[in-house]
Amino acid sequence: MSAAEIDEGKLEAFMGQAVMDMGAIISAPLFVIGEKLGLYKAMAGAGPLSSQEVADRAGLPERNVREWLRNQAAGGYVTYDAASDRYTLPNEQALALADENSPAYILGVYDSIASLYADEDKIVEAFRSGEGMGWHEHDHRLFRGTERFFRPGYRAHLVAEWIPALDGVQEKLERGAKAADVGCGHGVSTILMAEAFPNSEFFGFDYHEASIERAREAAEAAGVADRVTFATAAAKDYPGSDYELVCVFDCLHDMGDPVRASAHVLETLASDGTLMIVEPFAKDRVEENLNPVGRVFYGASTVICTPASLAQEVGLALGAQAGEARLSEVLKEGGFTRVRRATETPFNLVLEARP
């Protein structure tokens with residue numbers, strides 16, 4: 001390639017972007033350290049602190065903390081005042097980094113990211129062979145990280161916004177209804193609904209037995225085990241009938257045969273029942289998803305979601321950015337006649353499907 005073919009300005013801009021990405025990647029373990037060792041919580045609401053003060057508040061040796069703080073300042077996660085040699089965690093960053101009950105909390109995702117590096121050889125082979133990689137084949141941190149990544153959004157939106165956006169569902173749940181959560185994972189969504197609607201009965205299903213065991217423990221801890229039943233079952237053959245609400249949270253695109261799964265949901269619904277599908281937010285055209293959120297979801301889809309589907313029967317591999325139009329096609333192929341967008345967030349697309 002001759003020098004005449006290279007636009008130096010474009011090359012320089014790209015190299016700047018690449019260095020930014022390197023900084024983000026190398027900082028990922030530091031985010032984990034900051035969470036696990038309580039550094040963000042030590043700084044939250046404390047104002048300007050010296051590195052020694054941060055270390056003392058976290059109960060750690062100062063020298064490592066000093067280097068960690070400088071990385072965090074370089075990335076804009078904390079601010080640095082050169083005159084006083086002090087660091088501050090702004091209140092806005094504290095919501096995302098120090099408050100696990102905040103809808104903006106983001107640190108849970110780094111468990112999932114760490115799991116992907118542990119699974120590197122398996123992922124590369126799945127990519128090479130095209131045969132996929134099952135959800136259950138991943139490092140255990142993926143399951144916990146996924147729970148922690150989705151929990152803040154579910155806590156903020158599920159009961160307050162998503163269920164009220166469905167036609168007549170909130171009233172049924174308040175009165176007393178039977179509901180299923182298919183692909184429930186660790187049961188966060190199931191338990192949130194059970195806490196909000198004590199007159200209703202909830203059933204959580206997932207094919208991953210270890211996740212179901214964790215969900216049962218969480219239900220006991222939350223005090224809702226009397227109205228929540230968790231069982232190991234696949235989306236296309238989970239038990240029960242006459243459910244007035246069936247929910248599928250962030251997993252329809254992971255299924256090998258989402259059409260058959262949708263058909264089974266229809267078979268188990270009451271005649272006036274509702275299917276709520278929550279999926280990663282995406283528009284219908286590829287070019288509309290080429291943005292920071294799309295980059296995250298396409299990345300996760302490449303190494304988690306698409307291989308998971310390919311490892312199953314049919315292997316439709318919708319991907320995490322399927323979009324409303326494609327999802328609606330799948331649901332209608334499964335027998336649903338009415339599909340509409342009930343609501344959305346910057347990270348979630350919420351669809352309502354009716355018989």
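The values are calculated or read from the model by the stated rules, or taken from the named source; none is laboratory data. Note that the structure is predicted; figures quoted are calculated from it, not measured. Heads up, the Cβs are rebuilt from the backbone with ideal geometry, glycines too, and the neighbour counts pull from every protein chain shown. We work out accessible area using only protein heavy atoms, side chains counted, and drop any ligands, DNA or RNA first. Shrake-Rupley method; radii C 1.70, N 1.55, O 1.52, S 1.80 Å.
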Ranked by how many other beta carbons lie within 10 Å on average, peptides 201-209, 183-191, 345-353 from highest:
183-191, 201-209, 345-353
Take every Cα-Cα pair in the chain and report what % of them are more than 26 Å apart.
55
Assuming R0 = 35 Å, what is the FRET efficiency of Ala13 and Val124, from their Cβ-Cβ distance, to the nearest 0.05?
0.70
Got a number for carbon plus sulfur as a percent of the range 55-161's accessible area, 1.4 Å probe?
51
Residue by residue, what Karplus-based ³J(HN,Hα) values in Hz, rounded to whole numbers, does the range 18-31 have, using 6.51, -1.76 and 1.60 with θ = phi - 60° and x for Gly and Pro?
5, 5, 4, 5, 4, x, 5, 5, 5, 7, 3, x, 6, 5
Can you tell me the dipole magnitude for the chain around its Cα centre, using point charges on the Cβ only (Lys, Arg +1; Asp, Glu -1), in Debye to the nearest 20?
420
Inter-part gap, Cα centre of the range 208-278 to Cα centre of the range 170-196, in whole angstrom, is 10
Which ³J(HN,Hα) values, rounded to whole Hz and listed in residue order, are derived for the range 338-346 from phi using the Karplus coefficients 6.51, -1.76 and 1.60 in 6.51 cos²θ - 1.76 cosθ + 1.60 with θ = phi - 60°, glycine and proline given as x?
10, 10, 9, 7, 7, 6, 7, 10, x
Residues whose modelled amide H sits under 5 Å from the amide H of Thr274, counting only those 5 or more places away in sequence or on another chain, are Leu245, Val246
Placing each pseudo-label 7 Å from Cα in the direction of the beta carbon, Asn64 and Glu92 end up separated by a distance in nanometres of 3.1
Where the accessible area of the range 229-355 is counted over protein heavy atoms with a 1.4 Å probe, how much of it, in %, is carbon and sulfur?
54
Using θ = phi - 60° and the Karplus curve 6.51 cos²θ - 1.76 cosθ + 1.60, what whole-Hz ³J(HN,Hα) does each residue of the range 307-317 get, with Gly and Pro shown as x?
x, 4, 5, 5, 7, 9, 4, 6, x, 5, 6
Taking only the C-alpha atoms, wrap a convex hull around the range 1-105 and report its volume per residue in Å³ as a whole number.
140
If amide hydrogens are placed 1.01 Å from N in the peptide plane, which non-local residues have theirs closer than 5 Å to the one on Thr343?
Val350
On C-alpha positions alone, give me the angle between the axis of helix 120-129 and the longest principal axis of the chain, in degrees, nearest 10.
50
In whole percent, what relative contact order does the chain give with Cα contacts below 8 Å and a gap of six or more residues?
12
So for each of 149-156, 165-172, 123-130, 273-280 I average, over its residues, the number of other beta carbons within 10 Å; can you give me the resulting order with the highest mean first?
273-280, 149-156, 165-172, 123-130
Under the rule rounded for a/c under 1.5, else prolate if a/b exceeds b/c, else oblate, using alpha carbon gyration tensor axes a ≥ b ≥ c, the range 133-289 is classed as rounded
Note to self: with every protein chain in place and a 1.4 Å probe, the chain gives an accessible area per residue in Å² of 48
